[in-house]
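Single-structure report; data block below.
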């Protein structure tokens, strides 16, 4: 059977398509399980980004760039930092020190929970964006 | 309520400005955001200095976790001075940057430039404010990474190699500092500075403390560009965008010197650093050779920026020599010179920035007769150049007078004499440039370059603000001297 150029890695492409959702799901698990067990924003961010790296390796950088554009990544990077800082500022507005999560809810324990949740989300978003843009800049010829 | 949050706001405001710049992306809007943040930070630093001087030391527990467990911000007079100096110089140079950056940096990248600037400011302020040894390293990395980026924005291609060289040297310095902090942690089990200062006397006999001390000394010497380890500085200052050079010359090395002070005096204590460790056998000769040799080297430079860069290393030599005296008056002299030199050198680099903006280069030999074309810029250069030499009624006089006084008081008259000798060199290197700019008439065979006018107001005003302040500090020296001697007393007294 003659294969066209774009079909050459059919098996890899289909397997990748199957794997990517699970990688993303696992990343989300690591992200949101971070406050109970091992995990957290850094690890989750890297795992989340690895799905995009895999996509880029198999389907080519062009198509990954269409999925998530470099300018979008820049927005995400900044957004993550803003989420982190925003948590700190909210805790200051509610009467505590910077990043004092006790003040985020009525019960300090819940406050700590929400605080770490928001902060790790910020970390996760930024790490994902940074990892993907690192991949872009090393993989592209420019 | 807001009065309690000042230490946090000092860091949060510039840090918030950086991602906002990235999101907004429009050049002018980014500049406006950065400037607003910076003005707020200056006001904040002023309020902090006032608060510290009236109510004493401020300790701010981040996240509500009290000191030995959590990270704390520790503000005494010394920190507050550094915060005010860094944020003020950043503010003035940021105003200055508006016009000059438009010319040197690619338009599409302005937002990254201002974001990096804000991050660099965050890092420098963070190093100054924190009371946690590891946190110092974290902020050091933030400021260093942003600095590498800022340096690489230079229009000259050599900016990239200069930035890379600084990256290598800076990383070596930063990792030495990290190793030092690691050893300290191994020996004492503490990272909080106050805690460390209490525990080090018991752990002093351990070799780990000695190793930590050595690593920290070398790492900070690289970061502060103290004489034998200053290799990165000249190239970096020469090729960076001139606004960045002005900003860094007044802040980056000064902040490293502050960390040096903090570690030697507050944490290890002067008896350990300058008594048992015999640091003045190592550091003092380096400082003296530094200010003599590099003042001499500055005489032979052909590029104005490079000349000023070498002169910077020489001035750092004065500051370190003043620290080595390890007395109240010596430290006061050192701290005053940190402030004064920060102001003068920034003003000098700004005037060079004006020259580059109009002339297009800073080659000393071809700046002849510049006085006729750009009188205000050249006047600014001359006034701050006189400050660099240490002529009476300028800030340089105050710092050199107190330095020489302090060295005589300690009985090291030789140091005082050598400071005078290197001031003679300073007369030569400043005088040579002034002679060319003012007295040498243009060569008739070269065509008159077009568009030679005075630099734009947006560059002149911030420069003259700095010069006004330097003259004020020079005429009424007691303002800075009293604050500096308070800071010196606090450093020598150790943590309460």
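The values are calculated or read from the model by the stated rules, or taken from the named source; none is laboratory data. Predicted model, so just to flag it, every value in this text is computed and none were measured. Neighbour counts are summed over all protein chains in view; Cβ atoms, including those assigned to glycine, are modelled from backbone coordinates with ideal geometry.
List of remarks:
- Residue match in region B:73-94 (condition: crowded, with 22+ Cβ neighbours inside 10 Å, within 11 Å of chain A (Cβ to nearest Cβ) and in contact with a strand residue (DSSP E or B) (Cβ under 8 Å, 6 or more places away or on another chain)): yes
- When B:44, B:38 are checked against the criterion of being within 14 Å of chain A (Cβ to nearest Cβ) and modelled with pLDDT of 90 or more, B:44 stands alone in meeting it.
- Among the residues of region A:93-121, those that are part of a loop (DSSP other than H, G, I, E, B) and more than 24 Å from residue A:77 (Cα to Cα) comprise A:94, A:95, A:96, A:97, A:105, A:106, A:107.
- Checking B:73, B:111 one by one, the residue that is closer than 22 Å to residue B:338 by Cβ and either modelled with pLDDT under 85 or over 17 Å from the mean Cα position of the chain (by Cα) (or both) is B:73 and no other.
- Residue in region A:68-77 that is farther than 18 Å from residue B:17 by Cβ, more than 14 Å from every other protein chain (Cβ to nearest Cβ) and in a helix (DSSP H, G or I) present: no
- Scope region B:189-214; condition closer than 16 Å to residue B:68 by Cβ, touching a residue at least 60 places away in the same chain (Cβ under 8 Å) and part of a loop (DSSP other than H, G, I, E, B); matching residues: B:190
- Candidate set: region B:27-41, residues that are in contact with a helix residue (DSSP H, G or I) (Cβ under 7 Å, 6 or more places away or on another chain) and surrounded by fewer than 19 Cβ atoms within 10 Å (Cβ to Cβ); chosen: the one nearest to residue A:72 (Cα to Cα): B:35
- Filter pass, residue B:19 being in contact with a helix residue (DSSP H, G or I) (Cβ under 8 Å, 6 or more places away or on another chain), within 8 Å of another protein chain (Cβ to nearest Cβ) and either at pLDDT below 95 or surrounded by fewer than 17 Cβ atoms within 10 Å (Cβ to Cβ) (or both): yes
- Some residue of region B:39-53 being free of Cβ contacts under 8 Å to residues at least 24 places away in the same chain, under 21 Å from the mean Cα position of the chain (by Cα) and farther than 16 Å from residue B:486 by Cβ: yes
- Exclusive hit being over 25 Å from residue B:112 (Cβ atoms), surrounded by fewer than 22 Cβ atoms within 10 Å (Cβ to Cβ), away from chain B (no Cβ under 14 Å) and in contact (Cβ under 8 Å) with a residue 60 or more places away in the chain, set A:59, A:117, A:42: A:117
- Residue match in region B:111-118 (condition: touching a residue at least 24 places away in the same chain (Cβ under 8 Å), within 21 Å of residue B:12 (Cβ to Cβ), crowded, with 24+ Cβ neighbours inside 10 Å and away from chain A (no Cβ under 14 Å)): yes
- Filter result (surrounded by 21 or more Cβ atoms within 10 Å (Cβ to Cβ), more than 9 Å from every other protein chain (Cβ to nearest Cβ) and at pLDDT 90 or above) within region A:85-111: A:87
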